[in-house]
Amino acid sequence: KFWYFLFLLGSQLGDEAFSAFFFSFWFWNLDASVGRRLVLVWNIVMYIGQGLKDIIRWPRPSMPPVVQLEQKWSLEYGMPSTHAMIGLAVPTAAVMFTLAKYEYPQVVGVCIVSTWCILVCCSRMYLGMHSLADILAGLVLSALLLVWVLPLVHYGDSFLVCSPLAPVVTVTLSVLAVWFYPGSDRWTPARGDTTAALGCYLGVQLGQWLNFQLGILQHSASNPPYLIQSPNMQEGGLMLLRVFIGGLVAILTRAVVKPLTYQTACYILNTDKDTLSQQEHHISNKKKLAADLFYKFLTWMTVCFTVTFLSPLVFRLVGCDREGFYTELTF
């Protein structure tokens, strides 16, 4: 029981629910300038990893001899492990970006990256979802990607937030990435999940860009490095309140936007929701595939836009806003 729940927890470090909480927490309670860089690193690594799965088409370990304890991922191919890729890329990026801005021992960062990565990788093999080759390939690929992704994300941040042309670039590239996603020989959730990830980053970027264009987001009055201070009881309570309010805003937004965008997709495709819902997923069913990608992209774009633009305004209105959120423009 202990090992099962431990590795189930490790597996969650690469799942959607934890990612939604983790990235939102960075914006609402920690540092938005680091948060938006982390989302872009996650987005790039996720897209490349998922795309390679549908190109290589290496099946997951079969049952038997293994027992797959997470059936929701069983339809996807296994090589490379995107959990392993994200499990290395995200904590490494978080440590690299924060070391440049905050004062804390490097050994702490090394321990965080090591623990996170080992827990994720071991969980994927324990749960029967990946072979050792999948894991090693994911780690090697992620390490190679980080060599150029980290500086690209870091130095491209100013353009993505400050340039009037940034939305044109990000919207165009995101739509092209969805359109030219590598095809597969059968339907898997990979393309839909990747499309949702692309929508997430676009929503984050548009929210932060709009904050700057409206003159809300500005440079900090002081220069890094900054000391890390533990929150007191009041600050801890405000952090929890922001998570609750922001989460509620996100949930309500998703509840409204998801059916609206799906209905819009059905109207554009000249079909209806009931017809599509009764059909099975198949690569030859272009209308169902298009509707699925359409609503996931726009829904998660809107939800993540509220994370970086709407929710902070609500925090300020309620009186629980985080001091410094609107001064985290650049390093």
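The values are calculated or read from the model by the stated rules, or taken from the named source; none is laboratory data. Please read these numbers as outputs of a predicted model, since none were measured by experiment. Cβ coordinates were reconstructed from backbone atoms using ideal geometry, including for glycine residues, and neighbour counts include every protein chain displayed. These accessible areas exclude ligands, DNA and RNA; they are computed on the full protein's heavy atoms, side chains included. Shrake-Rupley method; radii C 1.70, N 1.55, O 1.52, S 1.80 Å.
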First obtain the Kirkwood hydrodynamic radius of the chain from its Cα pairs, then insert it into the Stokes-Einstein equation at 25 °C and 0.890 mPa s, and state the resulting D in µm² per second as a whole number. 117 µm²/s
Taking amide H atoms as placed 1.01 Å from N in the peptide plane, list the residues 5 or more away in sequence, or in a different chain, whose amide H sits under 5 Å from that of Tyr226. Tyr102, Glu103
Equivalent ellipsoid, the range 178-260 (semi-axes from 5 times Cα gyration tensor eigenvalues, Å): 34, 19, 16
Taking the chain as a Gaussian network, where each spring joins two C-alpha atoms under 10 Å apart, which residue of Pro167, Pro105, Pro182 fluctuates the most? Pro105
Multiplying the sequence separation of Ile112 and Val169 by 0.36 nm and subtracting their Cα-Cα distance, what value in nm do you get? 17.1 nm
For the chain, what is the relative contact order in percent, using Cα pairs closer than 8 Å and at least 6 residues apart in sequence? 25 percent
Counting only other residues whose beta carbon sits under 15 Å from that of Gln279, what net charge do I get with K and R as +1, D and E as -1? 0
What helices in the chain pass both tests, a Cα length along the helix axis of 24 Å or more and a mean Kyte hydropathy of 0.0 or higher, using whole DSSP H runs? 32-56, 82-99, 106-126, 132-162, 190-213, 233-268, 286-305
If you roll a 1.4 Å probe over the chain with all protein chains in place, what percent of the accessible area is carbon or sulfur? 70 percent
Compute the FRET efficiency between Leu317 and Tyr226 as 1/(1 + (r/R0)^6), taking r as their Cβ-Cβ distance and R0 = 25 Å, and round to the nearest 0.05. 0.40
Extension gain (nm, one decimal) between Cys162 and Ala290, 0.36 nm per residue minus Cα-Cα: 42.8 nm
Ignoring ligands and nucleic acids, what accessible area does Ile268 show with a 1.4 Å probe (Å², nearest 10)? 110 Å²
So what is the relative contact order for the range 156-222, in percent, with contacts set as C-alpha pairs under 8 Å and at least six apart? 46 percent
Which value results for Rg/Rh of the range 178-331 when Rg is the Cα radius of gyration and Rh the Kirkwood radius based on the inverse mean 1/r? 1.09
To the nearest Å, what is the center-to-center distance of the range 25-63 and the range 259-331, using C-alpha atoms only? 18 Å
Between Glu235 and Ala143, what is the label-to-label distance in nm when each label sits 7 Å out along the Cα-to-Cβ direction? 3.7 nm
What is the Cα coordinate range of the range 113-215 on the first, second and third principal axes, sorted by size from largest, in whole angstrom? 49, 35, 20
Among 269-277, 192-200, the order from most to least packed when residues are scored by Cβ within 10 Å on average: 192-200, 269-277
Using helices alone, I'd like the mean residue ellipticity at 222 nm for the chain: each DSSP H run of four-plus residues gives -39500 (n - 2.57), total over residue count, nearest 500. -23000 deg cm²/dmol
Of Tyr201, Tyr226, Tyr47, which is the most mobile in a GNM of the chain whose springs link Cα atoms less than 10 angstrom apart? Tyr226
